[in-house]
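Here the structure comes first, spelled out in structure tokens, and everything after it is commentary.
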Amino acid sequence: MDHSRVPVLEALEEFRRRRDVVFGPPGHRQGRGTDPRVAEILGMDVFRSDVLSLNGLDDRRLSQGVLAQAQELMADAVGAEHAFFSTCGSSLSVKTAMLSVAGPGEKLLLSRNAHKSVIAAVIINGVVPIWVHPKFDTERHLAHPPEADDVRNRLREHPDAKGMLLITPTDWGTCADIRGVADACHEFDVPLIVDEAWGAHLPFHPDLPTWGMDAGADVVVTSVHKMGGAIEQSSVFHLQGDRVSPDVLKQREDLLGTTSASSLVYASLDGWRRQMVEQGRELLGDARHRAERIRAQLRDMPGLRVMGGEIIEQGLAAEFDPLKIVVDVRELGISGMQAAEWLRAHRHVDVGGSDTCRISASITHADGDDTEKVLLEAVAALVEHADSIERRPAVHLPEPHELELEQALLPRDAFFGPAEQVPAEQAVGRIAAETISPYPPGVPVVAPGEVITAEVLDYLRSGIAHGFLVSDSADPSLETLRVTARP
């Protein structure tokens with residue numbers, strides 16, 4: 001296929017050339033009605049490019065196939081049979097993919113280190129979750145993806161399961177053996193969905209971790225805004241094989257997706273695909289060398305522990321994304337959250353992620369010598385001034401087995417059933433009716449239907465005292481918790 005073509009951008013260019021006057025949405029009329037004070041900050045071109053597909057980029061019947069052509073080019077670029085653009089981020093794409101494999105009341109294997117959007121999909125879709133617990137790294141207090149045998153064993157226990165959802169890479173760059181998990185699923189003739197939100201760049205360089213389509217996954221979801229060059233909410237789901245019908249996938253997407261899709265998202269996805277096909281190997285190769293250089297210099301700084309390929313040698317993960325810079329800061333006497341706050345306040349550097357133990361920074365094709373210098377100087381300053389950072393109450397980290405809570409009710413039943421708000425101390429032994437996710441990274445510690453334990457409650461409340469953000473619980477302070485009502 002001709003990857004110099006960018007159908008969405010070309011249609012947008014043609015729309016501007018024609019100087020169409022639109023009498024439908026958006027109401028700002030390609031910027032004519034935009035408040036100049038808004039345009040001064042956002043730029044007028046944002047509004048000029050905000051065009052609907054119907055009677056805009058394309059005609060009433062979409063007869064020009066603008067979006068269809070762009071999706072075909074994307075599929076060809078990454079080795080998929082089909083690709084579908086999503087303008088609601090991978091949070092929606094994952095829900096769509098799950099609903100395409102398992103319907104209400106049907107079983108679906110899920111990696112328990114899933115993002116809160118997966119738990120939301122379980123609640124909305126009404127599937128029965130069969131949790132596959134991740135491989136827990138006690139030393140680093142980190143969850144790595146489950147192994148193929150873990151998946152195979154759960155499929156033997158639940159032969160009526162309809163498929164598996166695997167999260168890889170994790171927020172911290174550790175990767176699963178996708179080929180092994182795909183083989184395990186296919187032994188039982190069920191599809192593998194890979195939530196590869198952090199892996200949109202993987203198809204475009206051979207020295208990066210394995211791309212899900214290349215490893216036999218049936219559906220792969222990517223968030224191109226994370227490691228790619230598209231704007232926020234840009235997502236694509238890719239399909240191959242016959243275990244999931246493209247018609248079913250498209251219908252499920254139509255069920256959940258917006259009818260007012262953003263041309264800004266479509267155009268940025270289209271342009272990023274062209275850039276990666278033409279220049280991706282060089283750009284990502286440069287980014288990889290830059291990340292290794294940054295990692296080497298950080299390793300020389302006292303009080304830091306930088307994660308890398310040793311996790312593969314230790315058998316904790318199958319692969320590691322070298323573009324993820326993951327730094328444990330506990331030896332500095334502070335948490336990753338404190339480190340992130342200090343870097344933002346004192347060096348105007350916003351890291352990609354932070355938790356009790358570490359910070360992370362993603363290096364992409366957009367980085368250069370200037371951003372490399374900024375990051376290294378900022379972290380060096382953090383090390384130098386760590387002693388001046390006020391100590392906060394310690395977070396009481398639980399043992400790995402204490403995070404594996406009993407599933408007493410289906411998440412959907414617990415979430416939508418009768419519930420009550422009780423003081424935290426009275427919630428121990430009760431069934432959660434809400435999701436509780438320290439964010440970021442947003443992996444639920446408690447999901448609806450799980451039994452709350454004293455150990456998990458202690459962990460969460462000590463985290464709140466330290467500075468956790470818990471935005472999805474009814475009471476973000478966790479002074480009270482929402483639990484299912486007793487008969």
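Structure values in brief
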{"quantity": "Exclusive hit being under 25 Å from the mean Cα position of the chain (by Cα) and of a type in the set (D, E, K, R), set Glu404, Glu425", "calculated": "Glu404"}
{"quantity": "Long-range neighbours under 9 Å by Cβ, at least six apart or interchain, first residue more than 28 Å from Ile334 (Cβ to Cβ) within segment 387-409, second among the basic types (Lys, Arg) and in a loop (DSSP other than H, G, I, E, B)", "calculated": "Glu404/Arg112"}
{"quantity": "Condition broken by Arg347, with the remaining ones in (1) more than 30 Å from Ala176 (Cβ to Cβ); (2) without any contact (Cβ under 8 Å) to a residue 60 or more places away in the chain; (3) crowded, with 20+ Cβ neighbours inside 10 Å satisfied", "calculated": "(3)"}
{"quantity": "Single residue of Ala121, Ala184 found to be more than 26 Å from Gly280 (Cα to Cα), surrounded by 20 or more Cβ atoms within 10 Å (Cβ to Cβ) and at pLDDT below 95", "calculated": "Ala121"}
{"quantity": "Which listed residue is assigned to a loop (DSSP other than H, G, I, E, B) and acidic (Asp, Glu), from Asp50, Asp45, Asp76", "calculated": "Asp50"}
{"quantity": "Any hit, segment 245-267, residues being outside any loop (DSSP other than H, G, I, E, B), within 30 Å of Ala386 (Cα to Cα) and without any contact (Cβ under 8 Å) to a residue 60 or more places away in the chain", "calculated": "no"}
{"quantity": "Qualifying positions in segment 126-152 - over 15 Å from Gly315 (Cα atoms), of a type in the set (A, V, I, L, M, F, W, C) and assigned to a strand (DSSP E or B)", "calculated": "Val128, Ile130, Trp131, Val132"}
{"quantity": "Failed criterion for Ala419 (all others in (1) at pLDDT 95 or above; (2) under 21 Å from Asp137 (Cα atoms) hold)", "calculated": "(2)"}
{"quantity": "Residues being free of Cβ contacts under 8 Å to residues at least 12 places away in the same chain and either at positive phi or in the same structural domain as Leu239 (by TED's automatic domain parsing) (or both) - total across segment 21-60", "calculated": "2"}
{"quantity": "Enumeration of residues in segment 380-411 that are hydrophobic (A, V, I, L, M, F, W, C) and part of a loop (DSSP other than H, G, I, E, B)", "calculated": "Ile389, Ala394, Val395, Leu397, Leu405, Ala408, Leu409, Leu410"}
{"quantity": "Some residue of segment 218-233 being modelled with pLDDT of 95 or more, buried (at least 24 other Cβ atoms within 10 Å of the Cβ) and touching a Cys at 6+ places or on another chain (Cβ under 9 Å)", "calculated": "yes"}
{"quantity": "Test: residue in segment 63-74 that is β-branched (Val, Ile, Thr), buried (at least 21 other Cβ atoms within 10 Å of the Cβ) and modelled with pLDDT under 95", "calculated": "no"}
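The rows are residues; the columns are (1) of a type in the set (Gly, Ala, Ser); (2) closer than 16 Å to Ala318 by Cβ; (3) more than 17 Å from the chain's Cα centre (by Cα).
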site	(1), (2), (3)
Thr174	no, yes, no
Asp207	no, yes, yes
Gly212	yes, yes, no
Asp218	no, no, yes
Val224	no, no, no
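The values are calculated or read from the model by the stated rules, or taken from the named source; none is laboratory data. Predicted, not measured: the structure shown is a model, and the values here were computed from it. As a convention, Cβ positions derive from the backbone with ideal geometry for all residues, glycine included, and neighbour counts pool all protein chains shown.
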